[in-house]
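Rule-based calculations on the coordinates, nothing more; no lab input. If you're wondering where the values come from, they're calculated on a predicted model, not measured in any experiment. Neighbour counts are summed over all protein chains in view; Cβ atoms, including those assigned to glycine, are modelled from backbone coordinates with ideal geometry.
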Amino acid sequence: MPEIAMIGDKDSILGFKSLGVAIFPVSTTEECITALKEVIKQDYKVAFITEQMAPEPNEIAELLSGRTFPVVTMIPSNRGSTGMAMQRLQTLVRKAAGADIL
C-alpha cells in the first residue's frame with residue numbers, strides 16, 4: 001500500500017497515480033472530509049489536500065487529534081493557489097516563534 005495520499009479534484013491529482021501515490025478524487029469539502037477519514041483509517045503517513053477542497057484547519061485538527069500520522073499538507077490545485085496554505089503556515093510559525101518571521 002502506498003504511504004502517500006492525494007485528496008482533491010480529479011484533474012489536479014490524477015497525474016500522481018502514475019508515481020504510485022494513492023489518489024482520492026473529491027468534488028466537495030464534505031467528500032474531502034470523508035476521504036481524509038479513510039486515509040486516517042488506512043494508516044497513510046502523508047496526505048496532501050488541494051486548497052480548494054480542504055476543510056477548515058480546525059476540522060483537520062479534530063480528525064487528527066491524538067495522532068502522529070498522517071501528516072496533512074495543503075497544496076495548490078491545477079487552478080493555482082488560494083493562499084490558504086501560506087496563511088496556515090504563517091499562523092503556525094507565529095504561534096511557535098511568537099512573531100511573524102516569514
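Using a simple spin-label model with pseudo-atoms 7 Å out from Cα toward Cβ, GLU62 and VAL46 lie 2.8 nm apart.
Counting beta carbons within 10 Å around each of LEU36, LEU64 and listing the fewest first gives the order LEU64, LEU36.
Once the chain from ILE75 to ALA97 is taken as fully extended at 0.36 nm per residue, the excess over their C-alpha distance is 5.6 nm.
Here's how it looks for ILE49: its modeled amide H is under 5 Å from those of ILE7, THR73, MET74, ILE75, which are all 5 or more places away or on a different chain.
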